[in-house]
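Shown below is the structure under consideration.
The values are calculated or read from the model by the stated rules, or taken from the named source; none is laboratory data. What you see is a predicted model, and the numbers here were worked out from it, not measured in a lab. Backbone-built Cβ (ideal geometry, glycine too); neighbour counts: all protein chains shown.
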Ligand SMILES: Cc1cc2nc3c(=O)[nH]c(=O)nc-3n(C[C@H](O)[C@H](O)[C@H](O)COP(=O)(O)O)c2cc1C
């Protein structure tokens, strides 16, 4: 069985990134069935922010070197740390079980939404993705597809080309976890504000082309999953 972990992180009721990620997910489910599909809407059902107890447990685990999630309970001190671990472990297990991770995300203030960042901070528990014997990443071979929506445009040659801290951040984050560059794909729907902001109305054709290209790229990516 193949597993898809689908995360959405837009706080909008009418979200372009959510529509696009669902295009991927629906096609994937038609191909692979429901059994391996796991969905989290991180905006509607937020992951709690990490706490001092989470950090204390993480530091203790780091001092022990590579500790697999199975051995973390032996290092937990007190009920608060136990609750933090109980919140964290299912997220780690979902990520480890996934063959493909699909992330739908809006650009907020040139980067990711706080709800996605909360998931990242919690799920990135020390040592959780390292093989305890070799230290190699357990996420080597995991595929990650990130589908974003942006109000503006950030492609090469645009005035705001250097303002995109969303793709570079997520690219660094996932490759640092061990995901291979060739297993990481980004799809962007840009200029989504053109249909709302009167001053940007002349850019609606750009937005329409970007959306059509995003849909085509998703169809292509899911066909290869
Ligand atoms: C809090 C907030 C911050 C935003 N910041 C940016 C930004 O920095 N750059 C940008 O191009 N668009 C920005 N936008 C516009 C969104 O990126 C755009 O509406 C996009 O379509 C959101 O994705 P969604 O449709 O999936 O919700 C922002 C929107 C919100 C609500």
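Those residues that are more than 16 Å from the ligand (Cβ to nearest atom), within 19 Å of residue 148 (Cβ to Cβ) and more than 18 Å from the chain's Cα centre (by Cα), I need them from segment 1-18; list them, please.
Within segment 1-18, none qualify.
Further, regarding this structure: Among what's in segment 30-71 and is under 18 Å from residue 2 (Cβ atoms) and without any contact (Cβ under 8 Å) to a residue 24 or more places away in the chain, pick the residue that is surrounded by the most Cβ atoms within 10 Å (Cβ to Cβ).
Applying the filter and picking the extreme gives 33.
Could you say whether any residue in segment 19-33 is away from the ligand (no atom under 16 Å from the Cβ), over 14 Å from residue 147 (Cβ atoms), assigned to a loop (DSSP other than H, G, I, E, B) and out of contact with any strand residue (DSSP E or B) (no Cβ under 6 Å at 6 or more places or on another chain)?
Yes, segment 19-33 contains at least one residue that is away from the ligand (no atom under 16 Å from the Cβ), over 14 Å from residue 147 (Cβ atoms), assigned to a loop (DSSP other than H, G, I, E, B) and out of contact with any strand residue (DSSP E or B) (no Cβ under 6 Å at 6 or more places or on another chain).
From 146, 103, which residue is within 29 Å of residue 214 (Cβ to Cβ), part of a strand (DSSP E or B) and free of Cβ contacts under 8 Å to residues at least 60 places away in the same chain?
Result: 146 is the single residue among 146, 103 that is within 29 Å of residue 214 (Cβ to Cβ), part of a strand (DSSP E or B) and free of Cβ contacts under 8 Å to residues at least 60 places away in the same chain.
I'd like the full set of residues that are within 16 Å of the ligand (Cβ to nearest atom), assigned to a loop (DSSP other than H, G, I, E, B), crowded, with 21+ Cβ neighbours inside 10 Å and under 16 Å from the mean Cα position of the chain (by Cα), limited to segment 151-191.
Within segment 151-191, just 166 meets the criteria.
Look through 88, 80 and report the one residue that is surrounded by 19 or more Cβ atoms within 10 Å (Cβ to Cβ), modelled with pLDDT of 95 or more, touching a helix residue (DSSP H, G or I) at 6+ places or on another chain (Cβ under 7 Å) and more than 20 Å from residue 169 (Cβ to Cβ).
88
Could you run through segment 54-85 and say how many residues are over 12 Å from residue 122 (Cβ atoms) and in a helix (DSSP H, G or I)?
Qualifying residue count for the region: 19.
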